[in-house]
Structure formats: structure tokens, C-alpha cells
Amino acid sequence: MIDTIALNTGAAIDSVYMKRLANTADSTSYDGTKPTGLYVYASTTADLQGAFVQIASQILHLSL
């Protein structure tokens, strides 16, 4: 499983690629036979903690 985080730094973010990399259900090339990851967008550095909490929550949920 691959999880991705995009931080808005002013440069263009290829969210289509990031979703494909994470194999999210809303990806343009979703493959249901592969593990589904998360794509989290952080608009500021202050949002990074929330992004990491989302990913940690998914990882902990899967390990239970």
C-alpha cells in the first residue's frame, strides 16, 4: 500500500498522478486487485499534522 501527501508550496501538484500512485478509488486508473492507499492534500504546513494523522489512523486500523 502506498499513501501520498501533497503539500501546496506554490508549485503545481499533479493530483492525478498522486492518486494513481496511491491507487485511490477515485483514481483514473484504479485497480481493485491492488491495495488502496490514501491521497491527502495539505494546503499549508499547519495541515501536515492532520495529513499524517489520517495516514497513521489508516495504518493502525489495518493492523488491528
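Miscellaneous remarks
- Karplus-derived 3J(HN,Hα), 6.51/-1.76/1.60, for each residue of the stretch 11-23, Hz, glycine and proline x: 7, 5, 10, 8, 5, 4, 5, 4, 5, 5, 4, 7, 6
- Label zone at THR9 (point 7 Å along Cα-to-Cβ), backbone N below 18 Å, the stretch 33-64: 40-49, 51-52
- Once the chain from GLN54 to THR33 is taken as fully extended at 0.36 nm per residue, the excess over their C-alpha distance is 5.3 nm.
- For ALA42, distant residues with modelled amide H under 5 Å away: ALA6, LEU7, ASN8
Bear in mind that the values in this text are calculations on the coordinates, not laboratory data. Computed from a prediction, not measured in an experiment: that's the story for all the values here. So basically every Cβ, Gly included, is an ideal-geometry build from the backbone, and we count neighbours across all protein chains shown.
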